[in-house]
Amino acid sequence: MKVVSKETISPEVEPIDPAAVKQELLRKVPTKVARKRAKQIVINSLAENQDVPEIGANTRTIPGIITQRGCTYAGCKGVVLGPTRDIVNITHGPIGCGFYSWLTRRNQTRAQEPAGENFMTYCFSTDMQEEDIVFGGEKKLRAAIQEAYDLFKPKAISVFSTCPVGLIGDDVHSVTREMKEQLGINVFAFSCEGYKGVSQSAGHHIANNGLFTHIVGLDDTVQEGKYKINLLGEYNIGGDAFEIDRILKDCGITLVATFSGNSSYDQFANSHTADLNTIMCHRSINYVAEMMETKFGIPWIKINFIGAEASAKTLRKIANYFEDPELIERVEEVIAREMPEVIKVRDEIRARCQGKLAMLFVGGSRAHHYQELFAEIGMKTISAGYEFAHRDDYEGRHVLPNLKVDADSRNIEELEVHPDPERYRPRKSAEDLARMQENGFRFKDYDGMMREMAAGTLVIDDISQYETERLLEIYKPAIFCAGIKEKFAVQKSGIPMKQLHSYDSGGPYAGFKGAINFYREIDRMVNSQIWTYLKAPWQENPELAAKYACD
Amino acid sequence: MRAKPQPYVSTTNACKLCKPLGACLAFRGMEGAVPFLHGSQGCATYMRRYVISHFREPMDIASSSLGEKHAVYGGGPNLKLGLKNVMAKYQPGLIGIATTCLTETIGDDVPMLVKEFVRDFPEVIQEHGSPALVSVSTPSYSGTHMEGFHAAVAAAVAQLAAQGLPHDGIALFPGFVSPADTRYLKEILADFELQATVLPDISLTLDAPALVEYETLPSGGTPIPAIRALGGSRAAIEFGRTLEGQSSAGKVLHDRFSTPLHALGMPIGLRETDAFFSVLEALSGRGTPVNHELERGRLIDAYVDGHKYLFGARAVVYGEEDLVTGLTAFLAEIGVRPVLCASGGRSGRLAEAIRDVTQDLLPEPPLVREGVDFYDIAEEAEALEPEILIGNSKGYHLARKWGVPIIRVGFPIHDRFGGHRTLHLGYRGAQSLLDRIVNARLEAKQEASPVGYSYI
């Protein structure tokens, strides 16, 4: 038996009509639910002016639908603050939330020797009990902060609120303010109760606000380095940040701070001294970039280190920003040195993967970025979507002025930021910015995922377990990418499944070496003989095979 | 019981999980059941990812996905809409609704909401095959995943079992054991030719074979009619020495239907398994089948053979209270010296249970600590110089720090493959644990040897 792949599909059968697929996905749900989901399931198309259709995103998940999404706490504590090694993170709440976010994201870190502190292996929780819910948990929180200080003497302690905390009205911010004064170290809190937003996205925003308010700008020391940048929205899963670090170092670019893979408190405190903010995951971190631009005058650009071509493009973009021939030349040298090995492996693997189909349903940027890697080995993305992104991540930032502000978004504070009276220093003059833009250099811009996807592909926001099962049946992709929750359901359907949250046990996949790792991993997965042991229904019914409207 | 004063305020590296997770696991062992968490969607997501990473199986948990508005005005409408959507999608046999911190704190009355739902939407329920609706209160701020597990099993029995015709069947409530354990228990019961309902039964639902067609709801689990018929059982067996004094499924049957209850320890090791087999002998009116007699005999033979590698080895055992009790009973039998028995649970019964299972074997009882975390365990254990750790993956960092082997048992096991196939119970389970422990000791010795003998 042969694994179903593009090659096994006979060309004369009728094309799969994405509109029919959409109808099929909506068929089983009640009318009201179907109406809402219909807005979140979009058949992609590109107008002449590059406009893509509108998609429903960042709206509440329908009760009873098995979603991939997590909660506000997960976005704040788990995603953004989780990868920082030397802040003691205390979860204020009953035990579950802390336990489940205890080093589960495969963020890697390298503590600086000799005194390198790494609290990431710890999970601190106030483990609230019934009496704390009834009488309030502030006293216990205060004692927990004192205890963490006594035991570890950290530079900073942060507190994360879980659902009951907001409901019983614990004032975590006044507790942390008091403790900050008392202990003389930085202590701050996040009101990131799980019920607050529609997904973990709300937690990212809250984390951004907290980092900006409580840490960024505390240390004005200006480091050595000609080209100083921050890397935003990179979380060092599977060692991605280490590979990016290597490349940047080779280019002579100084990384002041990463938000927040392999990061430390001091990096955040000093991050406002960088001359450029580069954004990987636009969804989770654009807020900090915007605020740093307003307050300190640091421009930001969207970059992407996922994909070898994308990495090269990113390096060139950074070099062009600094407008320094020396850097431009150095970057070209590095690219020229790295690419031959990439091309060698890529071409070999492309021969085996060409034309196969991929689906990506993950995150707020990964479902977009990883399409580049698949494209490099000739694979097509037939359907993709985010878990928690907003419309701008799908359609591009030009939709921002038209976004509807609903009750859920209003819940999350928008900080009012002004230029710092002493430290605001525009890195580029208005004339320079205008000239550069004239020449095609794009600041603070992100085109989103859909413009880079073929017409006729299906873009699905907040995909449900049920929809996933139907899509697999209909399209029989060669690989499906999501997270651990989806992994085994997909594999039981006879389809290879790659985790793009934790990378299974693999990585890094960023940069040049990461790209090679990824090509090899995907080759292993889609061409593995193991799948021949599993029969899928369509393999027994070849008439179900079909071609795709986007072909 | 009011908690005794703890040495630390924070729980650091917890040795317990949260209550609704246990309830979801228990519901997963009922046929055609969809666990449903009434609360913020993050709870369902976090628990799914944790359960899935241990079992390497799909695990759908629905959620009423409450937001800030619902936290203020109540989650009833979302719960009802969620139930409808789950019914439409799955045609489930049962929906197990567990509460969370959020809905307990705001005081949603779930039994009442479910009653309203049944009253207001009879046609929806009927259209989707009239699934059973079971609700259970599981605020994470009171108790651990084990209390949640037992509460869900008890709730299913209390809400479904009816005073039916007495029948010849017995009920077995094993507690939280692995799919491999459950399969083995069913094999034993079949060999005794006992008609038995094992509740819950995760042997297939959380360890399914590769199938031609993906099942939206996995096959297997305790059939719902069998749960309804439990009221007519002629006897019940329930594992868990620390369950005494708590509400449990066995007690529900006993109190409601006067079903005789055999409350046993989790059958780990020789003596606790012997106790289980004697009850089976009594209930079946026949002797232990010869294949099990042989397994028992081989186990004793192995105890003798393995003794020289194990005698006096100092062990730290941690995890759920009943698992720890069973493991400690077993370790004491094979000559290992448990020096610390620790759990994040707080039944108030652990010390007594440990004493009961070790008193005629150990010169002095081990140190027993309830309601502790890994930070406490590390502090307590350091001076005891443990030579082996037995428990879930969360103790790995201690094993690494101390340079001693860790035998992974229980839940969660997310740094090894096949954790859900771990066999703990009965003669066979003891055999497998014994082999693993002896080999871990041998391996440690071999690795540490400057010569590296291969004949040991």
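Rule-based calculations on the coordinates, nothing more; no lab input. Note that the structure is a prediction, hence the values are computed from the model and not measured. Don't worry about glycine lacking a Cβ; one is built from the backbone with ideal geometry, like all the others, and counts go over all protein chains shown.
Any idea what log10 I(q)/I(0) is at q = 0.12 Å⁻¹ for chain B, Debye with uniform C-alpha scatterers and no solvent? With no solvent term, the Cα-only Debye profile gives -1.03.
Just so you know, the Rg over Rh for segment B:1-105 is 1.03, from Cα atoms, with Rh as the Kirkwood radius. Here chain B is treated with +1 on each Lys and Arg Cβ and -1 on each Asp and Glu Cβ, and its dipole about the Cα centre works out to around 540 debye. A simple count of charges around B:Thr45, restricted to other residues whose Cβ falls under 11 Å of its Cβ and scoring Lys, Arg +1 and Asp, Glu -1, yields +3.
Other residues lying with their Cβ under 13 Å from the Cβ of B:Ser137 contribute a combined charge of -4, Lys and Arg counting +1, Asp and Glu -1. Placing +1 on the Cβ of every Lys and Arg and -1 on the Cβ of every Asp and Glu, with no other charges, gives segment B:259-298 a dipole of roughly 40 debye about its Cα centre. Over the residues of the protein assembly as shown, the helix contribution to mean residue ellipticity at 222 nm works out to -13000 deg cm²/dmol, using -39500 (n - 2.57) for each DSSP H run of at least 4. Lys-Lys pairs in segment B:14-129 that are eight or more residues apart or on separate chains and whose Cα atoms lie under 24 Å of each other come to 9. Relative to the longest principal axis of the Cα atoms of chain B, the long axis of helix B:270-284 lies at roughly 50 degrees. If you wrap the tightest convex hull around every Cα atom of segment A:400-454 and split its volume per residue, you get 156 Å³. Working from Cα pairs under 8 Å separated by at least six residues, relative contact order for chain A is 21 percent.
Each eigenvalue of the Cα gyration tensor of chain A, multiplied by 5 and square-rooted, gives one semi-axis; in descending order these are 38, 29, 22 Å. Extension gain, A:Asp150-A:Phe135: 0.36 nm per intervening residue step, less the Cα-Cα distance, totals 2.8 nm. For B:Lys308, the lysines whose Cα comes closer than 17 Å to its Cα, not counting residues fewer than 8 places off in the same chain, are B:Lys445. Run the reach check for A:Lys228 against lysines, Cα to Cα strictly under 29 Å, same-chain hits fewer than 8 apart removed. What comes back? Cα-Cα hits under 29 Å: A:Lys77, A:Lys155, A:Lys249, A:Lys295, A:Lys302, A:Lys313, A:Lys317, A:Lys428, A:Lys444, A:Lys513. The simple spin-label model puts a point 7 Å past each Cα toward its Cβ; for B:Asn291 and B:Lys401 those points are separated by 4.5 nm.
The stretch between A:Thr254 and A:Lys39, if pulled fully straight at 0.36 nm per residue, gains 73.0 nm over its current Cα-Cα span. Against the compact-protein benchmark of 2.2 N^0.38 Å, the Cα-based radius of gyration of segment B:392-456 scales to 1.24. Does segment A:72-196 come out rounded, prolate or oblate, given a ≥ b ≥ c as the square roots of the eigenvalues of its C-alpha gyration tensor, rounded meaning a/c under 1.5 and, failing that, prolate meaning a/b above b/c? Oblate, since a/c reaches 1.5 and b/c is not below a/b. Compute the acute angle (0 to 90°) between the alpha-carbon long axis of helix B:426-448 and the principal axis of greatest extent of the alpha-carbon atoms of chain B; round to the nearest 10°. The helix B:426-448 is inclined about 50 degrees to chain B.
The length gained by stretching the chain between B:Leu362 and B:Glu215 to full extension, at 0.36 nm per residue less their Cα-Cα distance, is 48.0 nm.
Arrange B:Thr259, A:Thr254 by Cβ neighbour counts within 10 Å, fewest through most, would you?
Values: B:Thr259 22, A:Thr254 16.
Ordered from fewest to most neighbouring Cβ atoms within 10 Å, B:Thr259, A:Thr254 come out as A:Thr254, B:Thr259.
The mean count of C-beta atoms from other chains within 10 Å of the C-beta of residues in B:34-42, rounded to a whole number, is 6. Averaged over the residues of peptide A:72-81, the number of Cβ atoms from other protein chains lying within 10 Å of each residue's Cβ is 2. Neighbour counts of C-beta atoms inside 10 Å place A:Glu521, A:Glu130, A:Glu193 in the sequence A:Glu130, A:Glu521, A:Glu193, starting with the fewest.
Over segment A:184-235, the hull volume per residue, using the convex hull of the C-alpha atoms, is 116 Å³. Our analysis of segment B:300-448 gives Rg over Rh at 0.92, with the two radii drawn from alpha carbon positions and Rh computed by the Kirkwood formula. Contact order, relative form, for segment B:19-160: 36 percent (alpha carbon pairs under 8 Å, 6 or more residues apart, mean separation divided by residue count). Normalising the Debye intensity of segment B:170-284 to I(0), with uniform scatterers on Cα atoms only, and taking log10 at q = 0.12, 0.16, 0.18, 0.21 Å⁻¹ returns -0.44, -0.76, -0.94, -1.23. Look at B:Val252, B:Val118 and count the other Cβ atoms within 10 Å of each Cβ; fewest to most, that gives B:Val118, B:Val252. One way to sum up the overall shape of segment B:86-235 is the equivalent ellipsoid from its Cα gyration tensor, whose semi-axes run 27, 19, 18 Å, largest first.
Computed over Cα pairs, the Kirkwood radius of segment A:61-118 leads via Stokes-Einstein (1.306 mPa s, 10 °C) to a diffusion coefficient of 120 µm² per second.
Relative intensity of the protein assembly as shown on a log10 scale, I(q)/I(0) at q = 0.05 Å⁻¹, equals -0.31, per a Debye sum over C-alpha point scatterers of equal strength in the absence of solvent. The ellipsoid equivalent to the alpha-carbon distribution of segment B:224-366 has semi-axes of 30, 21, 10 angstrom, derived from the gyration tensor eigenvalues as √(5λ) and listed largest first.
Note on the protein assembly as shown: dipole from Cβ charges, positive end direction compared against A:Ile145, A:Pro18, A:His173; the farthest Cα belongs to A:Pro18. When +1 charges are put on Lys and Arg Cβ atoms and -1 charges on Asp and Glu Cβ atoms, the dipole computed for segment B:292-380 relative to its Cα centre reaches about 220 debye. Per-residue mean of foreign Cβ neighbours for A:517-523 is 0 (Cβ atoms of other chains, 10 Å radius).
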